[in-house]
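Novice: Questions regarding the structure given below will be posed in turn.
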Ligand code: 13P
């Protein structure tokens with residue numbers, strides 16, 4: 001999932017998020033439109049040269065391509081491992097101003113068994129933290145749920161992508177993001193250890209350590225150095241691979257961060273991408289709901305995927 005100069009395409013926006021992104025591009029959102037768009041992404045010719053896996057949401061996982069194959073079947077035939085987002089979203093954490101905890105553990109074992117039977121190779125669960133709202137308890141609560149999710153995935157033969165995302169909205173500087181990311185990852189690995197999760201069988205999906213999007217930018221080399229320092233202090237070498245989210249950064253920036261980080265000597269883990277917006281936003285914009293635009297949209301997706309893959313090499 002994280003080696004061989006390939007990365008993971010995150011195409012698992014919830015029905016609500018996907019519909020909102022379509023509307024923003026002037027595309028009427030419908031089940032069929034979401035299906036057509038995801039089919040366009042998955043069937044871009046040669047996607048598997050730079051993409052090892054695709055994360056799907058429940059709706060897409062159960063849909064069929066126009067040729068009748070299910071999405072997970074088609075993905076495997078195209079050389080791309082199918083994955084499934086299994087969390088059910090976030091809810092406020094009482095008593096912890098603006099903090100969120102991710103839900104979805106109820107019935108998760110049965111859902112994982114069903115996804116595994118239908119071809120899922122891996123799963124994803126995202127916890128989300130504000131730089132200023134992620135206190136120790138918030139980090140522990142989300143770390144605990146991520147650990148329970150990961151343990152359940154492993155019980156069902158599914159590789160868990162463990163995603164603790166420290167948001168990059170805001171005007172905070174690099175040190176604030178580093179401090180919060182360090183706290184979040186530190187608690188997460190304590191919880192994974194307590195839950196008995198086999199670290200050699202997870203993929204970590206963190207944020208890059210950057211200043212807030214509304215703060216002055218720093219050089220990609222500074223982002224890579226800060227990111228490596230935080231990971232080196234928190235992520236055990238047993239973790240085989242780290243696949244970064246793009247978090248709202250521009251494609252060119254996310255790829256530059258990855259390129260610099262890939263060049264850091266002495267890294268114990270593979271590093272790659274599991275970008276969503278940085279790979280697909282151009283394609284959605286170019287497609288705009290019209291099948292005639294699909295080839296151009298696919299070209300844009302492939303260009304971004306190739307650039308990200310190249311950055312890992
Ligand atoms: P972005 O790369 O757009 O942040 O999305 C990645 C993802 O999977 C978020 O859960």
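Novice: What is the residue count in segment 29-44 for residues that are over 18 Å from residue 80 (Cα atoms), under 22 Å from the mean Cα position of the chain (by Cα) and part of a loop (DSSP other than H, G, I, E, B)?
Specialist: The number of residues fulfilling the criteria is 0.
Novice: With the requirement that a residue be more than 17 Å from the chain's Cα centre (by Cα) and outside any helix (DSSP H, G or I), what does segment 152-168 give you?
Specialist: Matches in segment 152-168: 156, 157.
Novice: Look through segment 289-313, keep the residues that are touching a helix residue (DSSP H, G or I) at 6+ places or on another chain (Cβ under 9 Å) and part of a loop (DSSP other than H, G, I, E, B), and return whichever of them is surrounded by the most Cβ atoms within 10 Å (Cβ to Cβ).
Specialist: Ranking the candidates gives 289 first.
Novice: Just one of the numbered conditions (1) closer than 30 Å to residue 262 by Cα; (2) within 18 Å of the chain's Cα centre (by Cα); (3) away from the ligand (no atom under 15 Å from the Cβ) is not true of residue 59; which one?
Specialist: All conditions are met except number (1).
Novice: Looking at residue 18, is it within 16 Å of the ligand (Cβ to nearest atom) and in contact (Cβ under 8 Å) with a residue 60 or more places away in the chain?
Specialist: Considered against the rule, which asks whether it is within 16 Å of the ligand (Cβ to nearest atom) and in contact (Cβ under 8 Å) with a residue 60 or more places away in the chain, residue 18 comes out as no.
Novice: A further question follows. Taking residue 52, is it farther than 23 Å from residue 190 by Cα and crowded, with 20+ Cβ neighbours inside 10 Å?
Specialist: yes
Novice: Continuing with this model, one more query. Name the residues in segment 226-242 that are free of Cβ contacts under 8 Å to residues at least 60 places away in the same chain and crowded, with 17+ Cβ neighbours inside 10 Å, would you?
Specialist: Within segment 226-242, 226, 227, 228, 230, 231, 234, 235, 239 meet the criteria.
Novice: Answer yes if at least one residue in segment 250-271 is on the phi > 0 side of the Ramachandran plot and in contact (Cβ under 8 Å) with a residue 12 or more places away in the chain, and no otherwise.
Specialist: no
Novice: Here's another thing I want to ask about it. Does segment 187-199 hold any residues that are away from the ligand (no atom under 16 Å from the Cβ), assigned to a helix (DSSP H, G or I), in contact (Cβ under 8 Å) with a residue 12 or more places away in the chain and under 12 Å from residue 144 (Cα atoms), and which are they?
Specialist: Within segment 187-199, 187, 189, 190, 191, 192, 194 qualify.
Novice: Taking segment 9-28, which residues are assigned to a loop (DSSP other than H, G, I, E, B), surrounded by fewer than 18 Cβ atoms within 10 Å (Cβ to Cβ) and out of contact with any strand residue (DSSP E or B) (no Cβ under 9 Å at 6 or more places or on another chain)?
Specialist: 25, 26, 28 - these are the residues of segment 9-28 that are assigned to a loop (DSSP other than H, G, I, E, B), surrounded by fewer than 18 Cβ atoms within 10 Å (Cβ to Cβ) and out of contact with any strand residue (DSSP E or B) (no Cβ under 9 Å at 6 or more places or on another chain).
Novice: Here is a further query. Which members of segment 59-102 meet the condition of being exposed (fewer than 13 other Cβ atoms within 10 Å of the Cβ) and touching a strand residue (DSSP E or B) at 6+ places or on another chain (Cβ under 7 Å)?
Specialist: If the condition is that a residue be exposed (fewer than 13 other Cβ atoms within 10 Å of the Cβ) and touching a strand residue (DSSP E or B) at 6+ places or on another chain (Cβ under 7 Å), then 91, 92 are the ones that fit.
Novice: Does residue 146 satisfy the condition of being in contact with a helix residue (DSSP H, G or I) (Cβ under 9 Å, 6 or more places away or on another chain) and within 16 Å of the ligand (Cβ to nearest atom)?
Specialist: So residue 146 passes the test.
Throughout, read-outs are computed from the coordinates displayed, never taken from laboratory work. Since we're looking at a predicted model, the values are computed, not measured. Every residue, glycine among them, receives a Cβ derived from its backbone with ideal geometry; neighbour counts consider all protein chains shown.
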